[in-house]
Every structure is written in C-alpha cells, then in structure tokens.
Amino acid sequence: MNVLELDDVRLDLPSKRGDRALLRGVSLSLAPGEALGLVGESGSGKSMTLRTVLRTEPPGARVTGRVLLDGADVRGLDAAALRRVRANDVTMISQNPRAALNPVLRVSQFLVEGLCDARGESRDAATRRARDLLARVGIADVDRCMGSYPHQLSGGMLQRVVIAAAVASSPRLLLADEPTTALDVTTQSEVMAILDGQRREHGMAMLFVTHDLELASAVCDRIAVLYAGEIVEIATPAQLHAAPRHPYTRLLLDSRPSITARASELPVIPGRPIAAYEVEGGCAFAARCPWAAPRCERDEPALVHHAGRATRCLRSDELADELAGETPGETSGETSGETTGEPVRDRETEATT
Amino acid sequence: MSAETLARPAARRRGGDLAERLGPLGIAAAVVIALITLAALCAPLITSHDPAVGSVIERYQSPGAEHLLGTDQSGRDLLARLLYGARTSLLGAAVVVLLAGGGATLLALVAAWFGRHVDAFLGRVLDLLFAFPNLLLAILAVAVFRTGLAQVTIALAIAYVPYSARVLRSVALRERRLAYVQAAELQGLSGAVVSLRHILPNIAPQILTGAAINFGYAMIDLAALSFLGLGVQPPTADWGLMVSQGKDSLLQGHPQQSMYAGVCIVVAVAAFSVIGERLGGRKAGGRA
Amino acid sequence: MSTTGGNVIEISGLRKEFAVGRGRRRRTVRALDDVSLSVADGSCLAVVGESGSGKTTLARVLVGLERADAGDVVLAGRPVAQRPRRAERRSRARDIQMVFQDPNGSLNRRRTVEAAIREVLAAHHRVTGADARRRVDELLDQVGLRPAHARALPGELSGGQQQRVAIARALAAEPRVLVLDEAVAALDVSVQAQVLNLLAEIRRARRLTYLFITHDLSVVRQVSEEVVVMRQGRIVERGSTSEVLDHPRHPYTVLLRDSAPRPGWRPRLSNGSDLAEVET
C-alpha cells in the first residue's frame with residue numbers, strides 16, 4: 001500500500017473577491033521509502049499541496065478530495081488521531097528552522113523532551129539517543145550543540161538539529177518544504193546530503209518541495225512539476241532531463257543558466273507564473289507556451305499516465321521529439337523565433353493581459 | 001488596456017477598504033464620534049441657553065420642555081452645558097493628540113534617519129519622560145506655571161510623546177532599512193526629503209492608529225485634571241468639570257449632572273478606543 | 001587585472017569592521033579585509049560569495065550607503081570621499097546606481113512607478129513636466145514595460161515587473177556603473193531568465209559597467225567576464241569567469257562549484273566546511 005495518496009485534492013481560499021483556487025485537483029502517490037519532488041514556481045501550489053497532508057493549510061481554506069495516509073483519510077481524522085499521526089507517522093521540516101525551535105530552550109531540552117514525550121523513554125536513555133542523533137547528522141561538537149540555544153547556532157546547524165528531531169521517531173513519511181532555501185549553497189549541499197542519508201537509513205518516504213529542479217533531481221526518485229495549482233508532469237529525474245514531455249518542464253530546464261556553459265541569450269518563458277485562480281479555462285500554460293495551438297486555449301488537458309510517467313499536455317505526443325531535442329539557447333536559431341528571436345519586452349505584458 | 005496589464009489589477013481602494021477594516025462596531029463608533037462632533041459644532045443651533053449663565057431660582061429643575069435635561073445647582077441648562085462642554089473636551093484632547101503625535105513622529109523620523117548615537121540619545125530621553133506618570137507631569141506643569149487648559153494640554157502632550165514615539169520609532173526604523181529608502185538616499189536626497197516624502201506616508205497608518213487610541217486617554221486625563229480643578233476653570237463648560245461640580249449635588253440627591261457628563265465621557269472614549277483598536281489590530285494581522 | 005586608465009572602478013585596501021552582539025558577547029567582524037579590485041569600463045565583474053563574505057558590504061561602500069574604515073575608492077577617475085557631503089553624493093549617484101535584491105522592498109509602496117522614476121530624473125537631470133513624462137515612458141519601454149505601468153503602484157506589479165521598475169529607476173540617473181546586489185535572486189526561474197537577458201541587452205545598448213553581486217555561479221557564468229570570489233571579507237580568488245569556473249584554484253572556489261546543484265550532481269558532505277559554520 002502507498003504511504004501517501006492524494007486523490008483530486010482541491011483547495012479554495014476565501015478572499016475579498018470571492019473564493020480563490022490554489023489547488024485545482026492534485027493527484028499523486030508515494031510508495032514506502034520513495035522520494036517525490038514537488039517542483040514549481042511561486043503560486044504553483046507546491047507548498048500548499050504539502051500542507052494538506054498534515055492539515056496545516058491556512059485557516060478558512062476549503063479542501064476537497066482525499067488525502068490517504070496508509071490508506072486512511074487524514075481529512076476525516078479527529079484532533080487526537082491527527083496528533084498521533086503528527087507525533088508518530090509524519091514529520092515536517094520547513095524552510096525556517098528557527099521557527100521550529102523554541103528560542104528559550106537549549107537544543108538538549110528540545111530533543112530530550114521530544115523523545116521523552118513521544119516515546120516515553122527515560123531521561124538518560126533519551127539523552128543518549130539525542131547525542132547519537134546529533135552525531136549522525138554530522139554535528140562534530142555534540143556537547144557544545146546540546147548546550148546551545150537556537151540563536152547561538154547557524155542556520156545550517158539548526159536545520160541539522162531539526163532533521164535529527166524529525167528522524168528520531170522513525171516516521172514513515174517526511175515532508176520537507178524548501179528545507180535548504182534559506183541556507184548558503186555549501187551548507188545546502190551538506191544538509192541535503194544528511195537529509196538524503198538519514199531518509200535512506202530510516203527507510204522513510206519523502207515529499208520534497210522545492211523551486212530547484214536540479215536539487216530535486218539529485219535526491220528524488222520521481223519529480224512532479226506543478227504549474228498554477230496542478231501537476232503538469234511526473235517522471236523520473238533522468239526522464240525529465242533526457243526527454244521532458246511538457247513544454248513548461250522543457251522551458252524550466254532551459255531558462256536556468258548553466259554553470260558550465262554560457263548562452264548567448266537565455267531561452268525565456270514569456271510572462272510570469274500565474275496562480276491557480278487566474279486560470280480561465282483551457283490549458284493553464286497556454287498563454288505562455290510557444291507551442292500552444294488554438295485548441296490549447298479551449299480544451300483543458302487531463303493528466304495522462306503512460307509508461308510510468310504522466311503529462312498534462314494536449315500536444316504532448318506530437319511535440320515529443322521537439323521537446324526532447326537540443327536546448328534552443330545553445331544552438332541558436334533551432335527553434336522558431338517564438339522563444340529566442342523576439343525581445344523579452346512586450347511578452348510579459350502581453351501574457352498578463 | 002491600462003489595468004489589464006497589471007499583475008494584480010487591484011482596484012484602487014480607499015473608502016471601501018477603511019470601512020472593511022473598521023467593521024460594524026468600528027463604523028458605529030465612527031458614527032458616534034461624528035454625532036458628538038456635529039453636536040458640539042452646532043451647539044448654538046440646538047439650544048438657545050447660555051451654558052455659563054443660570055438663575056438660582058431655576059436650580060435642580062427636572063427635565064422638561066424648557067430645560068430638556070434639567071438644570072444644575074446654579075440653574076444652568078444641562079443640555080447646553082453638555083453640548084458646549086463637548087467643545088472643550090474634544091478640543092483639548094485634539095490638541096493633546098495633535099501635539100503629541102507631531103512630536104512623536106518628528107522624534108521617530110529623526111531617530112530612524114540618523115540611527116546609532118542620535119537614536120540611543122533620544123531613546124534615553126524618552127525613557128526619562130516615561131518615568132513620570134502623565135497626570136503627575138501635568139500637575140507639575142500646573143504647579144510651575146498656572147492652572148488652565150492651555151498649560152495642562154501642553155503638559156499632557158509632552159507626557160504622551162514617549163508612548164507614540166516608541167511605537168513609531170520602531171516602524172520608522174523598519175522602513176528606514178528597506179531598500180526603497182536606501183535607493184532614495186543614494187540619489188543624494190536630503191534626510192528631510194527622504195523622511196517626509198518616503199518614510200512618513202508609510203508610517204501614517206500607525207500614526208493615525210496611535211492618535212485615535214490616545215484621543216480617548218487624553219479625554220480621560222483632561223477630565224481628571226478638570227475634576228481636580230487644575231484644568232478647565234469654571235464657569236467654562238467641560239465634561240470633566242461637570243462630573244466634579246456635580247459631586248455635591250450627587251449627595252443632595254441630584255445625580256443628573258455627574259451622570260450625564262460621565263456617560264458622555266465613557267461613550268466618547270469607548271468610541272475612540274474601538275476605532276484605534278480596529279485600525280491598529282487589523283493592520284497587524286492583515287496584509288503587508 | 002591591470003589598473004590602467006580604462007577602469008571605471010578602482011578599489012584598493014578597503015577595510016570595514018562591524019561590531020556585533022552586546023555586552024560580553026560583543027565582538028567585531030571583518031566585513032571587508034583589504035579588498036582591492038578594479039573593473040574595466042563596459043565590463044561586468046561578478047562578486048561571488050556566501051553570507052558573511054562581505055560582498056554586500058562591498059556594494060554598499062561603493063555606492064556610498066556605508067563608510068569604509070580604510071581604503072580608497074576611485075570612481076570614473078575621481079576619488080570618492082568616505083564621508084561625502086550631499087552634493088558629492090548626488091554627483092556620485094550620476095556615476096553609479098544600485099539595484100537591490102528584494103523587488104518588493106525596493107519600491108515605495110505608496111508611490112506610483114512614475115513618481116519613483118520622476119524623483120530620480122528631477123534629482124539628477126532637472127527633467128520635469130512633459131519631458132519627464134516622455135522620459136518615464138522611454139525608460140519603461142527599455143525595461144520591457146508599457147506606458148500604462150507608469151500609473152501602477154508597486155503592489156499591483158509582479159516581482160519581475162517590480163525589478164524592471166527598479167532597473168528603470170536606476171537607469172534614469174544615466175549612470176556609468178550599475179551595482180546589482182543579488183538582483184535576480186528573489187525571482188522565479190522563468191522570470192530570472194527574462195531579467196538576466198534584459199540586463200545583458202541594456203549593458204550592450206548603453207555600454208554600462210556592471211558590478212554583479214551574487215551567490216549563484218550559474219548567474220556568474222551567464223553575466224560576467226571577470227569574477228572575484230569572496231570569503232569572510234577577503235578575496236580568495238579572481239580571474240576571468242571561464243578560467244575561475246573551469247579551473248578553480250582556491251579550495252573554497254572548488255567547494256562552491258561542487259555545491260551547486262546541476263544535472264548529475266549529488267549532495268555530499270565536504271570536509272572542512274564545518275569550520276566555516278562554526279566560525280560565523
């Protein structure tokens with residue numbers, strides 16, 4: 001059975017001008033021990049998807065659809081059962097580790113009390129285990145770390161402490177919401193390595209939210225690309241890089257500058273990422289898509305599953321070769337003038353019209 | 001084609017937004033304040049009685065056709081005294097709030113702009129002022145100068161500065177650190193221009209919120225000073241003074257004067273507090 | 001890098017210390033420690049580093065928002081006073097402008113796009129009235145916005161559009177140098193590419209010199225000809241961008257390069273960088 005299954009999850013948030021959709025039907029499944037990356041730009045709904053799992057969505061939000069944890073719908077749990085799930089089965093790591101730790105407690109108090117409460121261990125046993133956990137997340141000076149207050153530690157150290165606390169109860173599912181976005185790159189590399197190692201060691205499944213496609217590719221088994229509150233493509237990192245099936249995925253991969261080669265001009269996606277509530281029928285990406293056909297603006301594409309991957313694009317099959325081709329930016333003039341020839345200007349403003 | 005090209009074509013909101021922020025209770029409070037102000041302004045139209053003149057023969061009259069709310073111990077018309085009393089009470093509080101708000105804003109902008117030593121020095125001065133209770137400071141001023149409305153309002157205004165200044169300093173400091181202020185600074189614009197053109201409009205909501213809350217407190221403090229005989233001097237009509245002058249009548253079984261004035265003070269102060277809290281509270285929890 | 005007459009920025013021996021903490025824990029941090037560099041006219045120098053490297057302090061000293069403790073800055077051939085009067089600041093602003101990281105915070109949320117740009121036009125070129133109106137439209141056009149955007153408040157614009165306005169405002173002073181402090185870091189990937197292209201186009205068209213502060217080596221590769229790598233207030237490596245990125249010599253540059261996610265990359269524990277964590 002899958003650890004986690006989302007079935008047509010929709011989320012609407014009431015606002016001054018009526019309800020606003022943030023998720024427009026997200027479906028995904030996560031096998032035990034599997035890592036799934038949720039990748040998207042701002043407004044894509046990647047964090048919101050994660051928040052429906054532990055029911056931490058914003059107050060007032062209306063959620064429909066099913067969120068199954070080990071087959072049981074979390075949406076129907078009462079407060080006590082939800083607390084049990086949060087304590088034992090699922091843990092969450094957020095972007096800001098400082099918010100996760102009580103500023104007036106030392107690291108030792110935070111870890112030891114958590115262990116005593118959750119597992120009923122004795123203080124001595126809990127202390128031993130806390131020290132062991134810290135050592136495993138790569139903290140060299142365990143004594144100093146245990147005696148420190150959160151404000152005395154760097155962001156990278158704190159995130160390690162949070163990871164140590166998260167894996168302490170050996171949960172079956174880890175929810176990670178941009179856990180390294182606030183960290184420096186060198187620290188990000190280390191924290192990700194630790195997170196990845198601990199996840200594998202404990203056999204946890206992971207839902208990993210990030211805006212960084214490459215980062216997700218490095219630590220996830222599969223990647224779901226989100227746009228405007230729905231999944232547009234699911235595939236393995238290798239499949240995504242070799243042959244993306246959705247135009248958005250392709251352009252997202254191309255528009256990120258490369259560390260190894262300079263493009264004379266970066267291929268761009270015209271316009272700005274739109275939010276789910278701005279979609280007006282048809283394909284959500286059509287307005288920004290250089291391959292959009294008239295029917296794309298009319299017909300809403302469904303997420304089509306095929307050979308272990310899924311794509312939400314009406315023209316996915318006809319475009320397969322083109323999307324898998326060379327990066328247009330590096331071999332200039334390969335694609336039509338749509339993406340490279342025209343100046344950036346006007347396009348952003350057009351797309352927002 | 002103008003609005004459609006914008007990412008968030010939010011309608012320019014002013015009035016609608018304010019009403020929403022105030023909520024039903026806040027709007028009711030605003031209506032109450034408007035009515036009180038209107039009544040104070042139109043006092044001569046509402047009553048033909050002189051609030052300062054009465055005849056002893058007419059003392060302690062019950063409400064009737066001639067005197068709608070009756071008369072006080074000197075036979076003066078209570079309605080007229082309440083209406084004209086609103087003028088002194090509102091005006092006094094308004095002056096306190098205006099002076100205190102202006103002073104606090106100036107201090108906050110100066111502290112935020114120069115930072116460091118100037119900020120630290122102003123902080124100490126404010127701490128010093130904080131050490132004196134408002135009323136004590138006002139009483140001190142009266143002892144040094146003279147009794148009278150002008151003296152106590154100025155003294156109270158000074159006493160109120162630290163409360164507003166402390167809050168405003170922190171919001172001004174927050175704005176000061178934002179990139180748009182630094183962008184203006186690096187154009188070589190003077191501190192005064194940047195502070196007034198850029199920082200001031202962005203801390204205006206907090207200034208107004210503070211003013212609304214302080215207005216209520218100022219009314220109470222002024223009433224208390226009048227009650228003690230230090231502020232407004234008889235025969236001028238003033239709510240605080242009315243409560244005070246009514247206390248003898250109270251013992252003689254004529255509670256009207258103190259009661260009416262007391263109710264007026266409570267209602268007005270409550271209305272200002274509600275507005276202040278609505279403006280401030282929603283601001284903190286609302287959008288950036 | 002040679003310090004010939006073709007340099008628009010010449011910095012030598014720059015030092016800056018900050019006091020951090022209070023009371024017993026008070027200590028000084030060297031934000032800039034003997035930093036020297038020069039930027040050739042019309043080129044783009046990337047300054048790359050992580051938090052605490054001093055790269056932002058360098059930018060702020062250069063534009064005059066921060067005062068250095070020691071060292072010299074020569075801008076367009078003129079030495080820059082470290083405690084400038086207002087007139088000097090104003091003339092410096094005509095040589096050098098800055099674009100900040102946070103697009104939302106770099107615009108006054110109560111003033112329209114037009115007011116923001118006109119303020120700079122009036123301050124430096126005494127352009128007002130109908131001339132200013134025309135100039136605003138020209139500048140907006142150059143950054144890919146429409147005349148209609150002039151009446152917008154910052155809150156009505158997307159992050160990318162806000163950053164375009166910030167660039168237009170900087171260009172309004174007609175500077176020779178643009179300091180870009182993590183100017184694309186807060187933008188979405190797809191919008192980031194647009195702004196990077198725009199910046200390249202503007203540099204070509206106006207023959208501007210860029211000092212591009214960033215933590216992102218991919219951006220460095222894309223925008224710059226030369227790069228300096230900073231760590232804890234010091235420049236640890238410098239050279240042409242391709243040389244430094246393809247054949248880094250300093251271990252820290254190697255670490256930075258190896259930490260950047262890219263196809264085929266795996267996160268890994270590096271030895272020695274724990275040190276950096278504890279120190280800062």
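Just so it is clear, none of the values below were taken in a lab; they were calculated from the coordinates. In this text the structure is predicted, and so the values were computed from the model without any measurement. Cβ coordinates were reconstructed from backbone atoms using ideal geometry, including for glycine residues, and neighbour counts include every protein chain displayed.
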Inset, instruction - Classify chain B as rounded, prolate or oblate from the Cα gyration tensor: take a ≥ b ≥ c as the square roots of its eigenvalues, call it rounded if a/c is under 1.5, otherwise prolate when a/b beats b/c and oblate if not. - result: oblate
Legend entry - Formal net charge of residues neighbouring A:Arg75 (Cβ-Cβ distance under 9 Å; K, R +1; D, E -1): +1
Legend entry - Segment A:Ala293-A:Asp321, extension gain: residue separation times 0.36 nm, minus the distance between their alpha carbons: 8.4 nm
Inset, instruction - Kindly identify region B:18-149 as rounded, prolate or oblate by the Cα gyration tensor criterion: order the square roots of the eigenvalues as a ≥ b ≥ c, call it rounded if a/c is under 1.5, otherwise compare a/b with b/c, prolate if a/b is larger, else oblate. - result: oblate
Inset, instruction - Mind ranking C:217-229, B:18-30, A:129-141 by how tightly packed they are, going by the mean number of other C-beta atoms within 10 angstrom, highest first? - result: C:217-229, A:129-141, B:18-30
Legend entry - Translational D in µm²/s for chain C (Stokes-Einstein at 20 °C, 1.002 mPa s, Kirkwood Rh from C-alpha pairs): 108
Legend entry - Average beta carbon contacts from partner chains per residue of A:180-192, 10 Å cutoff: 6
Inset, instruction - List every residue whose amide H lies under 5 Å from the amide H of C:Gly239, counting only residues 5 or more places away in sequence or on a different chain, with H placed 1.01 Å from N in the peptide plane. - result: C:Val227
Inset, instruction - Using amide H atoms built 1.01 Å from N in the peptide plane, name the residues 5+ places from C:Thr209, or on other chains, whose amide H lies under 5 Å from its own. - result: C:Gly42, C:Val177, C:Leu178
Inset, instruction - Using a 10 angstrom cutoff on alpha carbons, build the Gaussian network for chain C and name the most mobile of C:Pro261, C:Pro147, C:Pro84. - result: C:Pro261
Legend entry - Listed residues B:Gln182, B:Leu241, B:Val167: farthest to the positive end of the dipole of chain B (Cβ charges): B:Gln182
Inset, instruction - Would you please give the residues with an amide H less than 5 Å from that of A:Val304, counting only those at least 5 places away or on a separate chain, with H modeled from the backbone geometry? - result: A:Thr311, A:Arg312, A:Cys313
Legend entry - Over the protein assembly as shown: Kirkwood hydrodynamic radius from C-alpha pairwise inverse distances, Å: 31.7
Inset, instruction - Could you work out the mean count of beta carbons from other protein chains within 10 Å of each residue's beta carbon in C:101-111? - result: 5
Inset, instruction - Give me the distance in nm between label points sitting 7 Å out from Cα along the Cα-to-Cβ direction at C:Ala185 and A:Cys116, one decimal. - result: 4.1
Legend entry - Derived scalar couplings ³J(HN,Hα) [region C:59-75; Karplus, 6.51 cos²θ - 1.76 cosθ + 1.60; whole Hz; x for Gly, Pro]: 4, 5, 5, 4, 7, x, 7, 9, 9, 7, 6, 7, x, 10, 10, 10, 10
Inset, instruction - Can you tell me the 0 to 90 degree angle between the C-alpha axis of helix B:78-114 and the longest principal axis of chain B, rounded to 10? - result: 20
Legend entry - Projected label distance in nm at C:Arg30 and B:Phe132, using a 7 Å step from Cα toward the beta-carbon: 5.1
Legend entry - Helix-only mean residue ellipticity at 222 nm for chain B, each DSSP H run of n ≥ 4 adding -39500 (n - 2.57), per residue, nearest 500: -24000 deg cm²/dmol
Legend entry - Square roots of five times the Cα gyration tensor eigenvalues for region A:128-219, Å: 21, 16, 10
Inset, instruction - Between beta-carbons, use under 13 Å as the cut-off and find the net charge around B:Ala112, counting Lys and Arg +1, Asp and Glu -1. - result: +3
Inset, instruction - Under 15 Å from the Cβ of B:His49, count the other residues' Cβ atoms, weight Lys and Arg +1, Asp and Glu -1, and hand me the total. - result: -1
Inset, instruction - Report the residue, chosen from A:Arg84, A:Arg199, A:Arg309, that carries the largest GNM mean-square fluctuation when chain A is represented by alpha-carbon nodes joined by springs under 10 Å. - result: A:Arg84
Legend entry - Rounded tilt (10° steps) of B:239-251 against the dominant C-alpha axis of chain B: 30
Legend entry - Ellipticity estimate at 222 nm from DSSP helix runs (n ≥ 4, -39,500 (n - 2.57)) divided over chain A, nearest 500: -9500 deg cm²/dmol
Inset, instruction - With label points built 7 Å along Cα→Cβ from the Cα atoms of A:Ala238 and A:Arg62, find their separation and express it in nm. - result: 4.5
Inset, instruction - Evaluate the relative contact order of chain C (contact order divided by residue number), counting alpha-carbon pairs under 8 angstrom at least 6 apart; express in whole percent. - result: 24
Inset, instruction - Within a 10 angstrom radius of each residue's Cβ in C:149-156, how many Cβ atoms of other chains show up on average? Whole number is fine. - result: 5
Legend entry - chain B: most fluctuating residue of B:His49, B:His254, B:His117 per GNM, C-alpha cutoff 10 Å: B:His117
Legend entry - Share antiparallel - DSSP beta bridges, the protein assembly as shown, percent rounded to 5: 60
Legend entry - Mean Cα-pair separation over length for region A:156-260, i.e. relative contact order, pairs under 8 Å, 6 or more apart, %: 20
Legend entry - region B:96-176: relative contact order in percent, alpha carbon pairs under 8 Å with at least 6 residues between: 52
Inset, instruction - Enter the angle in degrees (range 0 to 90, nearest 10) between the Cα long axis of helix C:129-142 and the first principal axis of the Cα atoms of chain C, meaning the one along which they spread out most. - result: 40
